[in-house]
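*Asks:* Let me give you the structure first, and then I'll get to my questions.
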Amino acid sequence: MNKTGFIFDLDGVIVDTAKYHYLAWKKLADELGIEFTEEDNERFKGVSRKRCLEILLEMGNIDASQQQIDAWLFEKNEDYLSYIDRMDESEILPDVPKVLDYLQARKIPMALGSASKNAKPILQKVNLLSYFNTLVDGNQVTKAKPNPEVFLIAGKNLGVQPENCVVFEDALAGIEAANIAGMTSIGIGDPKVLVHAKYNFTDFTEIDFTFLDALIDKLNGKA
Ligand code: B16
Ligand code: MG
């Protein structure tokens, strides 16, 4: 068993794909005559594609057949993928590589824990795939955050006990999931929103090596 492992959410932690999700949902919402704002999009963060569409249809009071729902899910994803296709390393959020490089140099195993079914192509596009020992995403997980399934599988794949795992998350539901899993949660974003996170940082520029060293020592039982 490894002593310590780090798990990263994708959207809002490593890259800001929320803006592309918004554009794709907005296009579909416009077609369906549903008003959809950036504020509405906040509710979609960390939520599975299927559940996002359910919420959108509830907003528009629309009932639809399963066949129609599948067609809309496909359409939204095709539109989203057209944005993903244009992504490159410039879209990595500030100082994420600094933290990934540091943990890799310390030989700390790392996992991705995301609700997205497009996690692998996104990591390939921004050239970060090789940092991760395991990817746990919407293709393997059936229970959405705040259910801890995604992080528990990630910890298991890393060979690290939940209490020795650290999770970086930008969504409220993701912080809850990490806490329920018994892991150390680190909120990336507004501390007033991510109130249940054990630690909070606005972004990775605020995270220094002293903090990471102290956390690793603590989880290793050295501090
Ligand atoms: P896809 P995360 C989540 O990513 C997004 O925050 C959420 O808005 C999206 O609906 C979900 O992935 C599913 O994405 O349509 O690509 O399968 O924050 O869990 O990394
Ligand atoms: Mg996220």
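The values are calculated or read from the model by the stated rules, or taken from the named source; none is laboratory data. Just so it is clear, the structure is predicted and the values come from calculations on it, not from any experiment. Using ideal geometry, Cβ is built from the backbone for each residue, glycine included, and neighbour counts are taken over all protein chains shown. Note: areas computed on protein heavy atoms with side chains; ligands, DNA, RNA excluded. Shrake-Rupley method; radii C 1.70, N 1.55, O 1.52, S 1.80 Å.
*Asks:* Give, rounded to the nearest 20 debye, the magnitude of the charge dipole that the chain has about its Cα centre when Lys and Arg contribute +1 at Cβ and Asp and Glu contribute -1 at Cβ. Display every interim value, and only then the final one.
*Replies:* On the way: 24 positive and 35 negative charges, 212 e Å.
Approximately 1020 debye in magnitude.
*Asks:* Sum up the charges of everything whose Cβ sits under 13 Å from the Cβ of GLU39, counting Lys and Arg as +1 and Asp and Glu as -1, but leave GLU39 out.
*Replies:* Working: positive: LYS26, ARG43, LYS45; negative: GLU35, GLU38, ASP40, GLU42.
Here the count lands on -1.
*Asks:* What percent does the relative contact order of segment 18-84 come to when contacts are Cα pairs within less than 8 Å and at least six residues apart?
*Replies:* 47 percent
*Asks:* I would also like to ask the following. Charges at C-beta only: +1 for Lys and Arg, -1 for Asp and Glu. How large is the resulting dipole of segment 18-84 about its Cα centre, in Debye rounded to 20? Before the final figure, lay out each step's value.
*Replies:* Values: 9 positive and 14 negative charges, 65 e Å.
Once rounded to the nearest 20, the dipole reads 320 debye.
*Asks:* Mind telling me which of PRO121, PRO146, PRO162 comes out most flexible in a GNM of the chain, alpha-carbon contacts under 10 Å?
*Replies:* Highest fluctuation of the listed residues: PRO121.
*Asks:* If you filter segment 6-104 for trypsin sites (Lys or Arg not before Pro), then keep DSSP loop positions with at most 10 other Cβ within 10 Å, what is left?
*Replies:* ARG86
*Asks:* Working with all protein chains in place, sort HIS21, HIS196 by solvent-accessible area computed with a 1.4 Å probe, largest first.
*Replies:* The ranking, largest first, comes out as HIS196, HIS21.
*Asks:* Any chance you could look up the accessible area of TYR102 with a 1.4 Å probe, heavy atoms only, rounded to 10 Å²?
*Replies:* 50 Å²
*Asks:* In addition: Which order do VAL136, VAL47, VAL195 take by accessible area at a 1.4 Å probe, largest first?
*Replies:* Most to least solvent-accessible, the answer reads VAL195, VAL47, VAL136.
*Asks:* Moving to a separate point now. Leaving ligands, DNA and RNA out of it, rank ASP170, ASP63 by accessible area with a 1.4 Å probe, largest first.
*Replies:* The ranking, largest first, comes out as ASP63, ASP170.
*Asks:* In nm, what is the difference between 0.36 nm times the number of residues separating ASN61 and TYR83 and their Cα-Cα distance?
*Replies:* Here the answer is 5.1 nm.
*Asks:* Next question, about the same structure. Taking 30 Å as the cut-off for C-alpha to C-alpha distance, list the pairs among LYS76/LYS125; LYS125/LYS192; LYS117/LYS198 that go past it. It would help to have the intermediate numbers written out before the result.
*Replies:* Details: LYS76/LYS125 20 Å; LYS125/LYS192 32 Å; LYS117/LYS198 28 Å.
The answer is LYS125/LYS192.
*Asks:* State the percentage of accessible surface on the chain attributable to carbon and sulfur atoms; use a 1.4 Å probe and exclude ligands, DNA and RNA.
*Replies:* That fraction is 49 percent.
*Asks:* Measuring with a 1.4 Å probe in the full set of protein chains, what accessible area per residue, in whole Å², belongs to the chain?
*Replies:* 48 Å²
*Asks:* While we're looking at this one, here's another question. Using Cα positions and a limit of under 13 Å, work out the aspartates and glutamates in reach of LYS27, with same-chain residues fewer than 8 apart set aside.
*Replies:* Filter leaves GLU35, GLU38, GLU75, GLU78, ASP79.
*Asks:* Still on this model: Helix-only estimate, please: 222 nm mean residue ellipticity of the chain, summing -39500 (n - 2.57) across DSSP H runs of length 4 or more and dividing by its residues, to the nearest 500.
*Replies:* Theoretical 222 nm ellipticity from helices: -13000 deg cm²/dmol.
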